[in-house]
């Protein structure tokens, strides 16, 4: 009698487990899908300063020299020349409001001078043309950051590399970007994670004869960015009043 009861109990448990298992899987997949959909609603958007033609021409010239070393820059890939003002993640639905905020900012400014001066390569082989710091560019970046920060995705994860730099971590936690305010370093990105060893020799040449150009910041653009902060899609451009 006990054996019969035990067999019946075992059968009941197996039947229950068989029915419950697919339900558990479906529940897990539903939660995973919901989480993925929530994450997918965030988009990386770069609000950037638009440089004038002399700065763009310097990027073109430097890119042509790199091409001789079989190194292809972002410029040669057709991506726009830009100086990032504020790059962070936003909910998809924030795009129209971002445009409105940027358009209002642009109406308050006029073109101002900027100088490209120098070439630098990071430890991870990102290459840049450096922009000299200026009060006007810093002020513009600060204003953009303060106006747009409330619209950002406040649940965006902290990039792993940022955790190694306390000052950048504080900036990211507050503003969603590690490179704002005192961490703002204006530049024009040529390359990211370049694998060609010829870059090291090219860097030595550039240090001996740094690339230079005098130009202006003439407006602000908004772009949906890739993993390198480059604009895979420019969604708006606004130009300063020249009066």
Take the Cα of residue 138, step 7 Å along the line toward its Cβ, and report every residue of the stretch 161-203 whose backbone nitrogen sits under 20 Å from that point. 167-172, 175, 177-188
For the stretch 58-125 and the stretch 183-203, what is the separation of their C-alpha centers, rounded to whole Å? 14
Give the order of 206, 59 when sorted by the count of other beta carbons within 10 angstrom, beginning with the fewest. 206, 59
Sorted from largest down, what three extents in whole angstroms do the Cα atoms of the stretch 103-174 have along their principal axes? 38, 34, 17
At 1.002 mPa s and 20 °C, Stokes diffusion of the stretch 177-243 via Kirkwood alpha-carbon radius, µm² per second: 139
Dmax and Rg, reported as Rg then Dmax, of the stretch 41-239 (C-alpha, Å): 16.5, 48
In whole percent, what relative contact order does the stretch 65-205 give with Cα contacts below 8 Å and a gap of six or more residues? 36
If I take the Cα coordinates of the stretch 136-221 and project them onto the principal axes, what are the three extents in Å, biggest first? 43, 33, 21
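FYI, it's all coordinate maths here, none of it is from the lab. Source: prediction; values computed, not measured. Glycine gets a Cβ as well: all are built from the backbone with ideal geometry, and neighbour counts include every protein chain shown.
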